[in-house]
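For reference, the structure is listed below as structure tokens.
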2 protein chains.
Amino acid sequence: MGGNIVVIGGVALGPKAACRAKRLDPEARVVMVDRGARISYGGCGIPYFVSGDVSDVDELQSTSFHMLRDVAFFRDVKGVEARPRTEALSIDREAKTVRVRSLDTGVEKDLPYDRLVLATGSSPRILPIPGAELPGVRAVADLEAAMAIREGLSSGRVGSAVVVGAGFIGLEMAVALADMWGIETTVVEYAPTVLPTVLSPVLAAMAQRHMEEKGVAFRLGAQAARIEGEGKAERVVLRTAVGEETIAADLVIMAVGVAPNSELARAAGLDVSPRGGVVVDETLRTSDPDIFAGGDCAEIKNLVTGQDFFLPLGSLANRQGRVIGDNLCGGDSRFPGAAGAWCVKLFELSASGVGLTLDAARRAGLDAVAVQVSQFDRAHFYPDKDFMFLELVAERGTRRVLGVQGVCSLGDALVGRIGAVSALMPHRPTVTDLSLLELPYSPPFSSAMDIVNVLGNVGDNILSGRNESIDALAFAELFAERESGKAFFLDCREQPNAAPYLARYFGEWHNIPQGQLAGRLDEVPRDRTVVLVCNSGARSYEAFVTLAKAGFDRVVNVAGGMATVAKAGLAPEV
Amino acid sequence: MGGNIVVIGGVALGPKAACRAKRLDPEARVVMVDRGARISYGGCGIPYFVSGDVSDVDELQSTSFHMLRDVAFFRDVKGVEARPRTEALSIDREAKTVRVRSLDTGVEKDLPYDRLVLATGSSPRILPIPGAELPGVRAVADLEAAMAIREGLSSGRVGSAVVVGAGFIGLEMAVALADMWGIETTVVEYAPTVLPTVLSPVLAAMAQRHMEEKGVAFRLGAQAARIEGEGKAERVVLRTAVGEETIAADLVIMAVGVAPNSELARAAGLDVSPRGGVVVDETLRTSDPDIFAGGDCAEIKNLVTGQDFFLPLGSLANRQGRVIGDNLCGGDSRFPGAAGAWCVKLFELSASGVGLTLDAARRAGLDAVAVQVSQFDRAHFYPDKDFMFLELVAERGTRRVLGVQGVCSLGDALVGRIGAVSALMPHRPTVTDLSLLELPYSPPFSSAMDIVNVLGNVGDNILSGRNESIDALAFAELFAERESGKAFFLDCREQPNAAPYLARYFGEWHNIPQGQLAGRLDEVPRDRTVVLVCNSGARSYEAFVTLAKAGFDRVVNVAGGMATVAKAGLAPEV
């Protein structure tokens, strides 16, 4: 085809689209402009550079074989003309030109295009609070910001830090600060849980507790009201339910999310959603068929809700970049959308998920139910193993899987399970599809009945009314009110497991091993809610079946068992 | 519904079906018989018991919370009447009874059934060779056999062992013997590669090489002709292409596959396939609608070929058991088939796959092509990482994914990728589905462009004719014949990477860094096959595009690059 291709933005999607287009159509002239001095870097690696895990910032900008992806690389290896420190000012869709200005010389010029790509990314949101402009207040914006943060850390002048926001970047930055630099770190979050948009309260409690054990402090349900200090940030004043609190902080990281950079698109008259993302179709064309957009600046279809959403992830940008590269050259590649798969490593615990949380599903108007399961991530007889905790969100009626989230110390094992569910999501799986899901099996890697299969089975039992469960938080609430006598706590494990609770909570904690239950029904009250617990939720389900058969109709099973309750830090003290 | 349910076989599928049925229909009387003394155990754990990783055989028969799954457990906890050491002799489908005999008392009786489950499993094949009956020759049949093998090992009388068969069990047993007991172990296999039915030759070479580094010897393309010794096994005589060879062996493990136990079914007039598996429909009913079968004794539909096949895996048995449990109680659950996902841990290297190898695809009459890729399993800048090697088998024309196999030291990371592909297999994915596959992304777990996406991209390029590749074995063959001058070996890496080869193979190895290639085309011959190599196959693909554009039509790219060649032990010596 040939002609001029201009790409605005040179971090993730931009380079991918540019290089793919050039490979497919060597006759095309491909120009890629970016405001920053550095292009084509792994922005997701910034927390690992800040921590020192990645020693040199150049590594984030290199290929896997240590070639720096700079202007010369793009010219010699890729045949792409990259222009860093070049700002795109406006798009003239009639003339088909982009007005750009060199940030070094100030010179402006018009770049002609036949096809244009908007890969303008996103910018960190900055809370508009007093003191946000003080030195020492930083957002994780780009490599330049990352280098400034790390310089501050290595200078030794940072003793304490506040991270505002408990999303991915906030938590990853908190890990980087506390783990490698030993800095007294507090995470402030307006929501009542960490990772509030992607993780359920029970799993979030597990993640938070682990980070607390590693020395990170949390202020949840708290708002950063202002930042104070003499000429630089020295403390953050929080507004909480009980008043104000002041926390010392030489460094304040703002990690309250990002907003799509869609000003250029809006000014050019392209469709932009009310949330600020550029609107594209499945071919990733904007409302102007010669202009493509993708990555953080655009919205995509959520495969679970069917609605457009904003998913700023480097992996998404890379996959979309290839689709745009194809279509720049006359192809007809499609990007059908995403279910929102994610993962994060928090010290020695990892969390991962795909799709909707229960809360998100209900906000989307879906009649959803959630259930937790816990199981070893390997065959239970295999020596080196740990518990994995998964939560399923499913729709009543359709039995559709809306989301799965999890927490485990063996992160790869967890991420693998979520990846398998994610692969299914475009096919609108039901809980039965999880029950039947075929995963590779061998004792060093999984159980013969994999935890994903168990999750489907438990979901099936719940949706079919054969099981009724409460989560660990509801259990803890009921247990806190145990003196009301509303609930009868029945431990279905063998006596040695139950013994510490029986001793500590005499008369309030009861034990009938599940195998004996059918013969001891007269010990179980019919006028109170019977709360069944075992270790994982499996035996208490058997007990549930026994009681249901015997006509007990006020019985609930603690989902995921005491393993889940304990991991979330909600177990009764013994 | 109530009535009598009889289950023949009490290892994996049998207990699962029995317990599920009893839970769904507490009125039913469920009787489960098994020839063995132990029931409901994890047979796949036998190599880990033999190695000593699992210290007590009871662990293989326990729940994850240390309850032994014995007769009392099934009676008290599950409401199922388990009868070990009870052999099923025949089925009278008219009278609806099963004739059983107690192996302890010899007493025979008829068990009436309304619905019957055949969960008779499989038996190890024993090669009919002289000496196969000698003491010291063992198959990995059941827990009793496992205990006998371990007793022999712990007695200290075993110094050397031969494992006949390089399938999963053979290799796992070889690891157990060599790793934990330090026994001189030789694996004998008739096929020319290890794991011949599931792994491609290049990946198999990687697995074999790793095991050799750990001290296991291999005789591939060799046949165990006879076992000799004075009153017990002392040596194995092999027949190879070049004659006979004798290997000392105090212990001989026969691991040449298993055969379905379908004699009862056949004698009862049920449909049995020519391969010996009981024939069932999607509800897992045999040709008699009151009789179900599943697990190792039955065949299932291969979701890739559409043909029935035999997949003896404990995980499959467990999933099928639940379906049978449903249908025993009037349900209408379906088991659509399997794609054949598997994984195995071999010392510090793991292998995993799903679907067909290139060889299997071609034998199934499919016009298939294979391509290898290599990439770090985490972001390349993340400190703790290793190379992952994947192979894609795809069908020309339809572009359908027929299989993916891989090898990596980080087994969970590999198994996770294969699990995601496996989840897609029922939906008949194309290479484009792999390109677009949404996997959780974060630098500690993956690259922004995950290796599975890269695999899809490379597959797309190959199928679209934009890339042409040869595998590491073909490269090694061409290199061995380099004096013929047919091939021109062109290293596209930077000079320092190429330097050792340039020095050692002066005039036979050439180097033009890929970025310089367009300007140095006159150094590349047009009358010879140009073999492009780089580290991973990515830069040599760029070079391929450059040469193709310049009209070179005899160019191939070494798939997976030198990383793959080296891992398979096929790199030129330097």
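The values are calculated or read from the model by the stated rules, or taken from the named source; none is laboratory data. Every value quoted in this text rests on a predicted model; they were computed, and no experiment measured them. All Cβ positions, glycine included, derive from the backbone under ideal geometry; neighbour counts span all protein chains shown.
General remarks:
- Exactly one residue among A:Ser55, A:Ser64 is surrounded by fewer than 19 Cβ atoms within 10 Å (Cβ to Cβ) and facing chain B (nearest Cβ under 8 Å), and that residue is A:Ser64.
- The set of residues in segment B:310-345 that are more than 10 Å from chain A (Cβ to nearest Cβ) and more than 23 Å from B:Gly10 (Cα to Cα) contains only B:Asp332.
- A:Asp367 within 12 Å of chain B (Cβ to nearest Cβ), of a type in the set (Asp, Glu) and touching a residue at least 24 places away in the same chain (Cβ under 8 Å): no
- Meets criteria (closer than 20 Å to A:Leu437 by Cα, within 17 Å of the chain's Cα centre (by Cα), polar (S, T, N, Q) and outside the structural domain of A:Asn535 (by TED's automatic domain parsing)) for A:Gln372: no
- So B:Val545, is it β-branched (Val, Ile, Thr), assigned to a helix (DSSP H, G or I) and out of contact with any His (no Cβ under 6 Å at 6 or more places or on another chain): yes
- Hits in segment A:356-405 - residues which are of a type in the set (D, E, K, R) and either surrounded by 24 or more Cβ atoms within 10 Å (Cβ to Cβ) or at pLDDT 95 or above (or both): A:Asp359, A:Arg362, A:Arg363, A:Asp367, A:Asp377, A:Glu391, A:Glu395, A:Arg396, A:Arg399, A:Arg400
- Scanning segment B:489-507 for residues that are charged (D, E, K, R) and either under 20 Å from B:Ala559 (Cα atoms) or surrounded by 19 or more Cβ atoms within 10 Å (Cβ to Cβ) (or both) turns up B:Asp491, B:Arg493, B:Glu494.
- B:Val404 being in contact with an Asp or Glu (Cβ under 8 Å, 6 or more places away or on another chain), more than 7 Å from chain A (Cβ to nearest Cβ), part of a strand (DSSP E or B) and within 24 Å of B:Val565 (Cα to Cα): yes
- Note on segment B:71-83: residues that are surrounded by fewer than 18 Cβ atoms within 10 Å (Cβ to Cβ), more than 9 Å from chain A (Cβ to nearest Cβ) and under 18 Å from A:Ala538 (Cα atoms) total 0.
- Of all the residues in segment B:518-541, those that are of a type in the set (Gly, Ala, Ser) and assigned to a helix (DSSP H, G or I) number 4.
- Figure legend. Inter-residue proximity from segment B:559-574: first residues at positive phi, second residues assigned to a helix (DSSP H, G or I) and among the hydrophobic types (A, V, I, L, M, F, W, C), beta-carbon distance below 8 Å, spacing 6+ or different chains. Indicated pairs: B:Gly560/B:Val202; B:Gly560/B:Ala472; B:Gly561/B:Ala538; B:Gly569/B:Ala205; B:Gly569/B:Met206.
- Selection status of B:Tyr41, hydroxyl-bearing (Ser, Thr, Tyr) and either facing another protein chain (nearest Cβ under 9 Å) or farther than 19 Å from B:Ala145 by Cα (or both): no
- Test: A:Val278 is within 30 Å of A:Ser155 (Cα to Cα) and within 23 Å of the chain's Cα centre (by Cα): no
- Close pairs (8 angstrom Cβ cut-off, 6 or more residues apart or separate chains): closer than 23 Å to A:Lys567 by Cα in segment A:457-481, among the charged types (D, E, K, R) and surrounded by 21 or more Cβ atoms within 10 Å (Cβ to Cβ) anywhere: A:Asn457/B:Arg322
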